[in-house]
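Colleague: Encoded as C-alpha coordinates, here's the structure I'll be asking about.
The values are calculated or read from the model by the stated rules, or taken from the named source; none is laboratory data. Quantities reported herein were computed from a predicted structural model and do not represent experimental measurements. Neighbour counts run over all protein chains shown; Cβ positions are idealised from the backbone, glycine included.
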Amino acid sequence: MNVIRTITFKLQLPGGGPPALLDTMRAYTTAFSTSAQWGFENHTWNKVENHKATYKAVREAVPDLPSSLVQGARDCACEALKAVKCKTVPERKPLAAMRYNQRVITVNLIHGIATIASVKGRIKAAFPISEYHRQYLSWTVTSSTLSCDRKKRVFYLHISMEHPDVKPVKEIRVLGIDRGIVNVAVCSNNTFFNSKHVKNTRAKYAHLRKELQSKGTRAAKRKLRKIARRERRFVTDANHCISKQIVSSDYTVFALEDLSKIRVQKRRSRSFNRKLNSWTFYELEQFLRYKAEALGKQVLLVDARYTSQKCSACGHTYKGNREGSSFRCRKCGFQLHADLNAARNIAQAGTSCLSRLPVNQPHVACL
(Lines give C-alpha, C1' and ligand atoms only; values in the text may rest on other atoms or scores of the structure.)
Protein backbone atom coordinates (compact mmCIF):
# COMPACT_ATOMS: atom_id res chain seq x y z
CA MET A 1 0.00 0.00 0.00
CA ASN A 2 1.45 3.36 -1.08
CA VAL A 3 1.54 6.17 1.47
CA ILE A 4 2.03 9.74 0.24
CA ARG A 5 3.06 12.67 2.42
CA THR A 6 3.93 16.30 1.73
CA ILE A 7 6.48 17.93 4.02
CA THR A 8 7.40 21.62 4.00
CA PHE A 9 10.80 23.26 4.51
CA LYS A 10 11.74 26.91 4.90
CA LEU A 11 14.52 27.67 2.42
CA GLN A 12 17.73 29.54 3.21
CA LEU A 13 18.79 31.24 -0.04
CA PRO A 14 21.97 33.09 -1.10
CA GLY A 15 21.86 36.83 -1.77
CA GLY A 16 20.74 36.63 -5.42
CA GLY A 17 18.37 33.72 -4.85
CA PRO A 18 15.10 35.50 -3.96
CA PRO A 19 15.10 37.91 -6.96
CA ALA A 20 15.92 35.04 -9.35
CA LEU A 21 13.08 32.88 -7.99
CA LEU A 22 10.63 35.80 -8.14
CA ASP A 23 11.53 36.37 -11.79
CA THR A 24 11.10 32.64 -12.40
CA MET A 25 7.61 32.76 -10.88
CA ARG A 26 6.61 35.67 -13.12
CA ALA A 27 7.93 33.86 -16.21
CA TYR A 28 6.10 30.70 -15.12
CA THR A 29 2.87 32.71 -14.88
CA THR A 30 3.43 34.06 -18.41
CA ALA A 31 3.79 30.51 -19.75
CA PHE A 32 0.70 29.43 -17.83
CA SER A 33 -1.41 32.33 -19.15
CA THR A 34 -0.37 31.71 -22.77
CA SER A 35 -1.31 28.02 -22.59
CA ALA A 36 -4.54 28.74 -20.73
CA GLN A 37 -5.62 31.39 -23.25
CA TRP A 38 -4.99 29.09 -26.23
CA GLY A 39 -6.83 26.21 -24.58
CA PHE A 40 -9.82 28.42 -23.81
CA GLU A 41 -10.00 29.83 -27.36
CA ASN A 42 -9.79 26.34 -28.88
CA HIS A 43 -11.95 24.72 -26.20
CA THR A 44 -9.52 21.92 -25.37
CA TRP A 45 -7.40 20.85 -22.44
CA ASN A 46 -5.36 18.31 -24.40
CA LYS A 47 -1.72 18.71 -23.33
CA VAL A 48 -0.21 17.43 -26.58
CA GLU A 49 -2.20 19.82 -28.76
CA ASN A 50 -1.49 22.70 -26.39
CA HIS A 51 2.23 21.93 -26.45
CA LYS A 52 2.40 21.90 -30.26
CA ALA A 53 0.53 25.19 -30.53
CA THR A 54 2.08 27.23 -27.71
CA TYR A 55 5.59 25.94 -26.99
CA LYS A 56 7.36 28.08 -29.58
CA ALA A 57 5.53 31.25 -28.59
CA VAL A 58 6.20 30.66 -24.89
CA ARG A 59 9.92 30.05 -25.52
CA GLU A 60 10.11 33.35 -27.38
CA ALA A 61 8.22 35.20 -24.62
CA VAL A 62 10.29 33.78 -21.74
CA PRO A 63 13.52 32.43 -23.27
CA ASP A 64 15.29 32.07 -19.91
CA LEU A 65 12.63 29.82 -18.35
CA PRO A 66 13.83 26.17 -18.34
CA SER A 67 11.92 23.96 -20.75
CA SER A 68 10.77 21.62 -17.98
CA LEU A 69 9.13 24.54 -16.19
CA VAL A 70 7.48 25.59 -19.47
CA GLN A 71 6.01 22.12 -19.76
CA GLY A 72 4.99 22.17 -16.10
CA ALA A 73 3.16 25.48 -16.57
CA ARG A 74 1.41 24.04 -19.62
CA ASP A 75 0.32 20.96 -17.67
CA CYS A 76 -1.06 23.14 -14.86
CA ALA A 77 -2.95 25.27 -17.39
CA CYS A 78 -4.50 22.22 -19.04
CA GLU A 79 -5.51 20.79 -15.67
CA ALA A 80 -7.10 24.12 -14.74
CA LEU A 81 -8.96 24.21 -18.06
CA LYS A 82 -10.24 20.70 -17.47
CA ALA A 83 -11.47 21.67 -14.00
CA VAL A 84 -13.60 24.52 -15.39
CA LYS A 85 -14.55 22.64 -18.60
CA CYS A 86 -13.04 25.47 -20.68
CA LYS A 87 -15.90 27.78 -19.67
CA THR A 88 -13.57 30.51 -18.39
CA VAL A 89 -9.91 31.42 -18.75
CA PRO A 90 -7.99 30.15 -15.67
CA GLU A 91 -6.11 32.94 -13.93
CA ARG A 92 -2.94 32.68 -11.93
CA LYS A 93 -1.31 35.21 -9.62
CA PRO A 94 2.13 36.40 -10.74
CA LEU A 95 3.88 34.94 -7.67
CA ALA A 96 1.78 31.82 -7.16
CA ALA A 97 3.41 28.48 -6.34
CA MET A 98 5.35 26.62 -9.03
CA ARG A 99 5.40 22.90 -9.61
CA TYR A 100 8.85 21.31 -10.12
CA ASN A 101 9.62 17.86 -11.47
CA GLN A 102 12.78 15.90 -10.77
CA ARG A 103 14.62 17.29 -13.82
CA VAL A 104 14.63 20.89 -12.59
CA ILE A 105 15.16 20.35 -8.88
CA THR A 106 17.46 18.11 -6.87
CA VAL A 107 16.66 17.51 -3.21
CA ASN A 108 19.10 15.95 -0.75
CA LEU A 109 17.21 15.28 2.47
CA ILE A 110 20.22 13.84 4.26
CA HIS A 111 22.26 17.05 4.00
CA GLY A 112 19.33 19.47 3.73
CA ILE A 113 20.31 20.91 0.35
CA ALA A 114 18.25 21.61 -2.78
CA THR A 115 19.38 22.92 -6.17
CA ILE A 116 16.54 24.74 -7.90
CA ALA A 117 16.36 25.75 -11.56
CA SER A 118 15.55 29.40 -12.28
CA VAL A 119 15.74 31.95 -15.09
CA LYS A 120 19.26 32.80 -13.86
CA GLY A 121 20.57 29.26 -13.58
CA ARG A 122 20.67 26.82 -10.71
CA ILE A 123 20.27 28.15 -7.17
CA LYS A 124 21.61 26.23 -4.21
CA ALA A 125 19.36 26.46 -1.15
CA ALA A 126 19.63 24.96 2.32
CA PHE A 127 16.92 23.90 4.72
CA PRO A 128 17.08 22.51 8.27
CA ILE A 129 16.24 18.85 8.89
CA SER A 130 14.50 18.31 12.23
CA GLU A 131 14.26 15.05 14.15
CA TYR A 132 10.66 14.70 13.00
CA HIS A 133 11.66 14.90 9.32
CA ARG A 134 14.31 12.20 9.66
CA GLN A 135 11.65 9.52 9.50
CA TYR A 136 11.20 10.43 5.81
CA LEU A 137 14.85 10.02 4.79
CA SER A 138 14.21 6.61 3.24
CA TRP A 139 11.11 7.74 1.34
CA THR A 140 11.05 8.48 -2.41
CA VAL A 141 10.62 12.07 -3.59
CA THR A 142 7.93 12.25 -6.29
CA SER A 143 7.44 15.99 -6.90
CA SER A 144 8.13 19.40 -5.40
CA THR A 145 6.37 22.76 -5.22
CA LEU A 146 7.95 26.14 -4.51
CA SER A 147 5.88 28.86 -2.84
CA CYS A 148 6.61 32.36 -1.61
CA ASP A 149 5.32 34.33 1.37
CA ARG A 150 5.63 37.88 0.07
CA LYS A 151 4.91 39.53 3.42
CA LYS A 152 7.64 37.61 5.24
CA ARG A 153 9.85 37.43 2.11
CA VAL A 154 10.38 33.74 2.68
CA PHE A 155 10.36 30.81 0.24
CA TYR A 156 9.02 27.37 1.13
CA LEU A 157 9.69 24.03 -0.55
CA HIS A 158 6.86 21.49 -0.38
CA ILE A 159 8.14 17.98 -1.12
CA SER A 160 5.74 15.13 -1.94
CA MET A 161 7.12 11.76 -0.88
CA GLU A 162 5.98 8.18 -1.31
CA HIS A 163 6.52 5.10 0.83
CA PRO A 164 5.24 1.88 -0.80
CA ASP A 165 6.17 -0.60 1.93
CA VAL A 166 3.30 -0.11 4.40
CA LYS A 167 1.53 -3.44 4.79
CA PRO A 168 -2.23 -3.37 5.44
CA VAL A 169 -3.38 -4.86 8.73
CA LYS A 170 -5.14 -8.18 8.17
CA GLU A 171 -7.03 -8.33 11.46
CA ILE A 172 -10.42 -6.61 11.31
CA ARG A 173 -11.63 -4.75 14.40
CA VAL A 174 -14.17 -2.01 13.67
CA LEU A 175 -14.48 1.12 15.80
CA GLY A 176 -17.51 3.34 15.27
CA ILE A 177 -16.94 7.08 15.74
CA ASP A 178 -19.74 9.58 16.15
CA ARG A 179 -18.62 13.17 15.54
CA GLY A 180 -20.59 15.99 17.10
CA ILE A 181 -20.62 19.62 18.20
CA VAL A 182 -21.00 18.97 21.94
CA ASN A 183 -18.66 15.96 21.94
CA VAL A 184 -15.93 16.16 19.31
CA ALA A 185 -15.88 12.37 19.01
CA VAL A 186 -17.56 9.47 20.79
CA CYS A 187 -16.24 5.97 20.07
CA SER A 188 -18.15 2.71 20.27
CA ASN A 189 -15.66 1.44 22.89
CA ASN A 190 -17.15 3.95 25.40
CA THR A 191 -14.45 6.60 24.86
CA PHE A 192 -15.63 10.22 24.92
CA PHE A 193 -13.65 13.20 23.62
CA ASN A 194 -15.47 16.15 25.14
CA SER A 195 -15.29 19.56 23.47
CA LYS A 196 -15.69 21.56 26.71
CA HIS A 197 -12.17 22.97 26.58
CA VAL A 198 -12.45 23.65 22.83
CA LYS A 199 -15.88 25.24 23.29
CA ASN A 200 -14.70 27.50 26.13
CA THR A 201 -11.67 28.63 24.16
CA ARG A 202 -13.73 29.37 21.04
CA ALA A 203 -16.27 31.28 23.17
CA LYS A 204 -13.42 33.42 24.49
CA TYR A 205 -12.28 34.18 20.95
CA ALA A 206 -15.87 34.91 19.87
CA HIS A 207 -16.26 37.46 22.69
CA LEU A 208 -12.96 39.10 21.80
CA ARG A 209 -13.87 39.12 18.11
CA LYS A 210 -17.19 40.84 18.88
CA GLU A 211 -15.45 43.62 20.80
CA LEU A 212 -12.83 44.18 18.10
CA GLN A 213 -15.43 44.23 15.31
CA SER A 214 -17.35 46.96 17.11
CA LYS A 215 -14.26 49.20 17.05
CA GLY A 216 -13.53 48.84 13.32
CA THR A 217 -10.06 50.41 13.47
CA ARG A 218 -7.09 49.21 11.44
CA ALA A 219 -5.38 47.96 14.60
CA ALA A 220 -8.55 46.05 15.52
CA LYS A 221 -8.67 44.43 12.09
CA ARG A 222 -5.03 43.35 12.42
CA LYS A 223 -5.82 41.88 15.81
CA LEU A 224 -8.84 40.06 14.34
CA ARG A 225 -6.66 38.38 11.72
CA LYS A 226 -4.14 37.43 14.38
CA ILE A 227 -6.66 35.80 16.73
CA ALA A 228 -8.34 34.04 13.79
CA ARG A 229 -5.04 32.32 12.97
CA ARG A 230 -4.47 31.52 16.64
CA GLU A 231 -7.94 29.99 16.99
CA ARG A 232 -7.44 27.94 13.83
CA ARG A 233 -4.15 26.56 15.13
CA PHE A 234 -5.74 25.68 18.48
CA VAL A 235 -8.61 23.71 16.89
CA THR A 236 -6.24 21.97 14.47
CA ASP A 237 -4.01 20.89 17.35
CA ALA A 238 -7.04 19.52 19.24
CA ASN A 239 -8.11 17.48 16.18
CA HIS A 240 -4.55 16.19 15.77
CA CYS A 241 -4.41 14.98 19.37
CA ILE A 242 -7.82 13.30 19.19
CA SER A 243 -7.13 11.56 15.86
CA LYS A 244 -3.73 10.34 17.04
CA GLN A 245 -5.22 8.83 20.18
CA ILE A 246 -7.97 7.09 18.21
CA VAL A 247 -5.70 5.70 15.49
CA SER A 248 -3.14 4.38 18.00
CA SER A 249 -5.80 2.12 19.57
CA ASP A 250 -6.03 -1.62 18.91
CA TYR A 251 -8.78 -1.15 16.30
CA THR A 252 -7.89 -1.51 12.61
CA VAL A 253 -10.99 -0.10 10.86
CA PHE A 254 -12.56 3.24 11.76
CA ALA A 255 -16.14 3.80 10.67
CA LEU A 256 -17.43 7.37 10.31
CA GLU A 257 -20.69 8.91 9.21
CA ASP A 258 -20.72 10.53 5.77
CA LEU A 259 -21.36 14.17 6.75
CA SER A 260 -20.65 15.71 3.34
CA LYS A 261 -24.21 17.09 3.14
CA ILE A 262 -24.69 17.99 6.80
CA ARG A 263 -24.81 21.73 6.06
CA VAL A 264 -27.42 21.34 3.29
CA GLN A 265 -30.37 21.16 5.62
CA LYS A 266 -32.96 23.33 7.39
CA ARG A 267 -31.44 25.84 9.75
CA ARG A 268 -32.60 26.20 13.33
CA SER A 269 -31.25 29.45 14.75
CA ARG A 270 -28.46 31.93 14.24
CA SER A 271 -26.39 30.60 17.14
CA PHE A 272 -26.80 26.99 15.94
CA ASN A 273 -25.83 27.97 12.39
CA ARG A 274 -22.67 29.58 13.72
CA LYS A 275 -21.76 26.42 15.63
CA LEU A 276 -22.54 24.23 12.62
CA ASN A 277 -20.48 26.35 10.23
CA SER A 278 -17.48 26.36 12.57
CA TRP A 279 -17.67 22.59 13.16
CA THR A 280 -14.40 21.04 11.94
CA PHE A 281 -15.70 17.50 11.38
CA TYR A 282 -13.99 17.15 7.99
CA GLU A 283 -10.59 18.17 9.34
CA LEU A 284 -10.84 15.42 11.97
CA GLU A 285 -11.76 12.95 9.21
CA GLN A 286 -8.72 13.97 7.15
CA PHE A 287 -6.38 13.55 10.11
CA LEU A 288 -7.84 10.13 10.87
CA ARG A 289 -7.39 9.07 7.24
CA TYR A 290 -3.73 9.89 6.81
CA LYS A 291 -2.71 8.69 10.28
CA ALA A 292 -4.54 5.39 9.78
CA GLU A 293 -3.05 4.99 6.30
CA ALA A 294 0.49 5.21 7.70
CA LEU A 295 -0.26 2.28 10.03
CA GLY A 296 -1.89 0.10 7.37
CA LYS A 297 -5.35 0.70 8.84
CA GLN A 298 -8.39 2.04 7.02
CA VAL A 299 -11.23 4.54 7.34
CA LEU A 300 -14.65 3.95 5.82
CA LEU A 301 -17.79 6.06 5.56
CA VAL A 302 -21.28 4.79 6.30
CA ASP A 303 -24.74 6.24 5.74
CA ALA A 304 -25.49 8.86 8.38
CA ARG A 305 -29.26 8.47 8.25
CA TYR A 306 -31.05 7.28 11.42
CA THR A 307 -27.86 6.52 13.37
CA SER A 308 -29.16 8.71 16.21
CA GLN A 309 -32.70 7.30 16.09
CA LYS A 310 -31.92 3.58 15.80
CA CYS A 311 -31.55 1.38 18.86
CA SER A 312 -28.16 -0.34 18.86
CA ALA A 313 -29.61 -3.23 20.89
CA CYS A 314 -32.77 -4.23 19.01
CA GLY A 315 -32.58 -2.14 15.83
CA HIS A 316 -35.87 -0.29 16.40
CA THR A 317 -35.84 3.10 14.64
CA TYR A 318 -38.03 5.89 15.95
CA LYS A 319 -37.49 9.66 16.11
CA GLY A 320 -38.77 9.85 19.69
CA ASN A 321 -36.11 7.42 20.94
CA ARG A 322 -33.68 10.30 21.38
CA GLU A 323 -34.21 13.29 23.63
CA GLY A 324 -31.17 15.54 23.72
CA SER A 325 -28.20 13.53 24.95
CA SER A 326 -30.35 10.68 26.25
CA PHE A 327 -31.48 7.65 24.27
CA ARG A 328 -34.26 5.35 25.39
CA CYS A 329 -35.71 2.76 23.01
CA ARG A 330 -39.52 2.86 23.01
CA LYS A 331 -39.63 -0.81 22.05
CA CYS A 332 -37.14 -2.66 24.27
CA GLY A 333 -36.43 0.01 26.89
CA PHE A 334 -32.67 0.08 26.21
CA GLN A 335 -31.06 3.27 27.63
CA LEU A 336 -27.70 4.80 26.76
CA HIS A 337 -26.00 8.08 26.01
CA ALA A 338 -27.30 9.17 22.60
CA ASP A 339 -23.85 9.74 21.08
CA LEU A 340 -22.55 6.39 22.31
CA ASN A 341 -25.62 4.65 20.89
CA ALA A 342 -24.97 6.36 17.54
CA ALA A 343 -21.31 5.27 17.64
CA ARG A 344 -22.37 1.65 18.16
CA ASN A 345 -24.78 1.92 15.22
CA ILE A 346 -21.95 3.29 13.08
CA ALA A 347 -19.72 0.38 14.12
CA GLN A 348 -22.45 -2.10 13.15
CA ALA A 349 -22.91 -0.38 9.79
CA GLY A 350 -19.13 -0.47 9.24
CA THR A 351 -18.99 -4.19 9.97
CA SER A 352 -21.87 -4.79 7.56
CA CYS A 353 -20.11 -2.69 4.93
CA LEU A 354 -16.88 -4.69 5.24
CA SER A 355 -18.76 -7.94 4.73
CA ARG A 356 -19.70 -6.71 1.24
CA LEU A 357 -16.46 -4.95 0.20
CA PRO A 358 -12.80 -6.03 -0.08
CA VAL A 359 -11.06 -5.28 3.21
CA ASN A 360 -7.70 -4.36 1.66
CA GLN A 361 -8.95 -1.03 0.36
CA PRO A 362 -7.56 1.93 2.35
CA HIS A 363 -10.61 4.15 1.85
CA VAL A 364 -14.09 2.84 1.11
CA ALA A 365 -17.57 4.28 1.30
CA CYS A 366 -20.76 2.46 2.15
CA LEU A 367 -23.81 4.63 1.47
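Colleague: When you look at P63, is it surrounded by fewer than 17 Cβ atoms within 10 Å (Cβ to Cβ) and either in the same structural domain as A117 (by TED's automatic domain parsing) or part of a helix (DSSP H, G or I) (or both), yes or no? Break it down into steps so the answer makes sense when it comes.
Modeller: On the way: surrounded by fewer than 17 Cβ atoms within 10 Å (Cβ to Cβ): yes; either in the same structural domain as A117 (by TED's automatic domain parsing) or part of a helix (DSSP H, G or I) (or both): yes.
Judged against the criteria, P63 is a match.
Colleague: Can you tell me which of (1) surrounded by 15 or more Cβ atoms within 10 Å (Cβ to Cβ); (2) within 28 Å of R5 (Cα to Cα) is the one S278 doesn't meet?
Modeller: The number of the failed condition is (1).
Colleague: Only one of R274, R289, R225, R230 is closer than 21 Å to C353 by Cα and assigned to a helix (DSSP H, G or I); which? Don't jump to the end; show me each part of the working.
Modeller: Details: R274 fails: closer than 21 Å to C353 by Cα; R225 fails: closer than 21 Å to C353 by Cα; R230 fails: closer than 21 Å to C353 by Cα.
From the options R274, R289, R225, R230, the qualifying one is R289.
Colleague: Quickly run through the stretch 96-126 and pick out the residues that are part of a strand (DSSP E or B), within 12 Å of P66 (Cα to Cα) and not basic (K, R). I'd like the intermediate steps shown before the answer.
Modeller: First, pick out the residues of the stretch 96-126 that are part of a strand (DSSP E or B): 98-100, 105-108, 113-118, 121-126.
Keeping just the survivors that are within 12 Å of P66 (Cα to Cα) gives 100, 105, 116-118, 121-122.
Those that are part of a strand (DSSP E or B), within 12 Å of P66 (Cα to Cα) and not basic (K, R): Y100, I105, I116, A117, S118, G121.
Colleague: Continuing with this model, one more query. May I ask you to list the residues in the stretch 159-179 that are modelled with pLDDT of 85 or more and under 22 Å from E285 (Cβ atoms)?
Modeller: Matches in the stretch 159-179: S160, I172, R173, V174, L175, G176, I177, D178, R179.
This table checks each residue for (1) among the hydroxyl-bearing types (S, T, Y); (2) within 26 Å of T8 (Cα to Cα); (3) in contact with a His (Cβ under 6 Å, 6 or more places away or on another chain); (4) assigned by TED's automatic domain parsing to the domain that holds K151.
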{"site": "Y28", "(1), (2), (3), (4)": "yes, yes, no, yes"}
{"site": "A31", "(1), (2), (3), (4)": "no, yes, no, yes"}
{"site": "T44", "(1), (2), (3), (4)": "yes, no, no, yes"}
{"site": "K52", "(1), (2), (3), (4)": "no, no, no, yes"}
{"site": "A57", "(1), (2), (3), (4)": "no, no, no, yes"}
{"site": "S68", "(1), (2), (3), (4)": "yes, yes, no, yes"}
{"site": "S118", "(1), (2), (3), (4)": "yes, yes, no, yes"}
